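As structure tokens, the structure follows; a few thoughts come after it.
The values are calculated or read from the model by the stated rules, or taken from the named source; none is laboratory data. Everything numeric in this text was worked out from a predicted model, so none of it was measured. Positions of Cβ are generated from backbone atoms using ideal geometry, with glycine treated the same way; all protein chains shown enter the neighbour counts.
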């Protein structure tokens with residue numbers, strides 16, 4: 001006789017982007033009849049909802065749900081994103097672009113970066129971004145989706161989106177409810193643990209309703225109502241590497257056509273984001289309260305806006321780091337409940353998506369095999385640590401000496417995993433993607449070169465081509481990129497034709 005160990009009831013605690021992404025994905029993949037899915041949220045509590053820039057992996061998630069991309073962009077007042085422009089990070093007055101998609105094409109089995117570095121060290125003036133269609137198109141305010149064009153750069157255009165996170169959550173709520181997810185309005189006032197093993201048995205709402213489940217997904221934001229409040233999982237604090245602990249956010253009027261990229265500008269006490277949507281521009285200042293007070297940061301931000309503020313500035317407080325376990329007993333924490341790495345490279349929504357994918361890959365039975373939980377925690381923590389290292393790189397690879405924050409981050413001790421990346425790059429400009437880490441060699445190279453790190457030499461295997469042949473091929477590549485960017489319509493013309501809200 002077999003015992004039924006299937007998960008029959010799933011409760012998602014908290015709505016917002018994380019909660020409704022989880023509800024939508026579980027409803028779609030598990031299908032009707034597998035398990036009852038309930039999402040509990042309270043209008044009173046509200047959501048953070050400032051994460052409005054994404055990376056290309058979001059397209060995989062939307063495709064998995066079967067969303068129509070034009071409808072999704074319309075419904076969320078979205079725009080397209082080809083990468084991030086960084087201003088004043090290496091030195092005040094500097095600017096560089098971190099594009100989606102590769103630089104150039106690898107040749108003779110050797111990384112394109114090696115050939116570019118070889119010519120760069122011979123004082124060739126070409127910028128690395130001359131070999132990126134995304135960077136070239138972003139500079140000119142252009143955008144299109146890839147088309148079938150053979151070997152042309154137009155066949156492969158990686159892109160992501162800017163969108164209103166509140167509207168995305170609302171859109172996914174409609175999608176989820178249509179697939180049978182039940183939403184309950186209410187505030188959780190009690191969490192009951194099972195006496196035998198300390199698993200969460202049920203939560204009680206402020207009106208007395210009790211919700212039992214086999215699996216709980218904690219999307220309750222920074223407070224981590226279940227993962228921390230009930231299960232006391234513990235938190236790994238990374239603020240010695242990432243000292244920013246506040247963000248003040250304010251939307252403003254749109255005063256010009258939205259550009260197809262996010263802008264991040266380093267400031268004396270942190271950095272400022274600018275995210276262009278169809279109906280407004282999202283702005284925020286991520287700062288360290290050790291180095292600048294909230295009033296000064298708010299005043300600084302308000303003085304930098306393009307247009308009139310559309311709301312009062314809102315401050316969020318956080319500690320960078322992660323839960324010691326994202327999955328503890330029968331609770332899986334996603335989104336801010338599982339940890340927070342500041343939004344410098346737009347990874348917050350991706351980490352929700354990645355957590356959902358890993359949960360589905362390790363989907364439990366009511367027996368909750370500890371080996372599966374351990375693997376989940378190992379995979380999720382490895383990804384978070386690699387993202388952390390990439391964010392730390394932006395702060396540490398600076399030549400700024402104009403404020404106490406920059407003096408601190410420039411000279412702080414680094415994680416060993418990041419030190420190794422530095423050492424390998426400094427000798428011959430090599431960068432490697434380790435074990436499917438999120439950011440690939442293009443990303444690491446873009447930031448390192450963009451922030452003025454200079455390798456001592458180049459990869460010797462780049463000598464397989466003569467200098468003349470290398471120069472000829474790189475000129476050809478740059479020309480193909482330029483011609484492709486010329487062919488593309490303007491970003492706003494594309495939005496107007498396909499997905500204007």
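Here are some notes:
- Evaluating residue 278 against the criteria (1) in the same structural domain as residue 17 (by TED's automatic domain parsing); (2) modelled with pLDDT of 95 or more; (3) under 23 Å from the mean Cα position of the chain (by Cα) leaves one unmet condition, (1).
- Taking the criterion of being under 15 Å from residue 175 (Cα atoms) and in contact with a helix residue (DSSP H, G or I) (Cβ under 7 Å, 6 or more places away or on another chain), the residues of segment 67-81 that qualify are 69, 72, 75, 76.
- Scanning segment 342-379 for residues that are out of contact with any strand residue (DSSP E or B) (no Cβ under 8 Å at 6 or more places or on another chain), within 30 Å of residue 288 (Cβ to Cβ) and in a loop (DSSP other than H, G, I, E, B) yields a single hit, 347.
- Conditions (1) at pLDDT 95 or above; (2) part of a loop (DSSP other than H, G, I, E, B): number failed by residue 493: (2)
- Search result, residues across segment 130-153 that are buried (at least 22 other Cβ atoms within 10 Å of the Cβ) and touching a helix residue (DSSP H, G or I) at 6+ places or on another chain (Cβ under 8 Å): 131, 132, 133, 135, 136, 137, 142, 143, 153
- Any hit, segment 136-148, residues being more than 29 Å from the chain's Cα centre (by Cα) and closer than 30 Å to residue 463 by Cβ: no
- Some residue of segment 204-212 being modelled with pLDDT of 95 or more and in contact with a helix residue (DSSP H, G or I) (Cβ under 8 Å, 6 or more places away or on another chain): no
- Being touching a strand residue (DSSP E or B) at 6+ places or on another chain (Cβ under 8 Å), surrounded by 16 or more Cβ atoms within 10 Å (Cβ to Cβ) and over 30 Å from residue 445 (Cα atoms) holds for only one residue in 183, 187, and it is 183.
- The single condition among (1) more than 26 Å from residue 377 (Cβ to Cβ); (2) assigned to a strand (DSSP E or B) that residue 260 does not satisfy is (2).
- Taken together, 360, 393, 344, 405 contain a single residue that is modelled with pLDDT of 95 or more and closer than 27 Å to residue 276 by Cα, which is 393.
- Flag for residue 485 being loosely packed, with under 15 Cβ neighbours inside 10 Å, in contact with a helix residue (DSSP H, G or I) (Cβ under 8 Å, 6 or more places away or on another chain) and either over 15 Å from residue 107 (Cα atoms) or not assigned by TED's automatic domain parsing to the domain that holds residue 128 (or both): no
- Matching entry among 463, 441 (being crowded, with 16+ Cβ neighbours inside 10 Å, farther than 30 Å from residue 287 by Cβ and touching a helix residue (DSSP H, G or I) at 6+ places or on another chain (Cβ under 9 Å)): 441
- Given (1) free of Cβ contacts under 8 Å to residues at least 60 places away in the same chain; (2) closer than 30 Å to residue 145 by Cα, number of the condition residue 289 does not satisfy: (2)
- Criterion violated by residue 389 - all others in (1) surrounded by 14 or more Cβ atoms within 10 Å (Cβ to Cβ); (2) in contact (Cβ under 8 Å) with a residue 40 or more places away in the chain satisfied: (2)
- Residue within segment 20-43 that is surrounded by 21 or more Cβ atoms within 10 Å (Cβ to Cβ) and in a loop (DSSP other than H, G, I, E, B) present: no
- Selection of segment 397-433 for residues being buried (at least 18 other Cβ atoms within 10 Å of the Cβ), under 24 Å from the mean Cα position of the chain (by Cα) and under 21 Å from residue 287 (Cβ atoms) yields 397, 398, 405, 406, 409.
- Checking each residue in segment 380-410 for being farther than 18 Å from residue 345 by Cα and part of a helix (DSSP H, G or I) picks out 404, 405, 406, 407, 408, 410.
- For residue 471: the one exception among (1) farther than 30 Å from residue 79 by Cβ; (2) crowded, with 21+ Cβ neighbours inside 10 Å; (3) touching a helix residue (DSSP H, G or I) at 6+ places or on another chain (Cβ under 8 Å): (2)
- Residues of segment 201-244 classified as buried (at least 20 other Cβ atoms within 10 Å of the Cβ) and either free of Cβ contacts under 8 Å to residues at least 40 places away in the same chain or in a strand (DSSP E or B) (or both), total: 5
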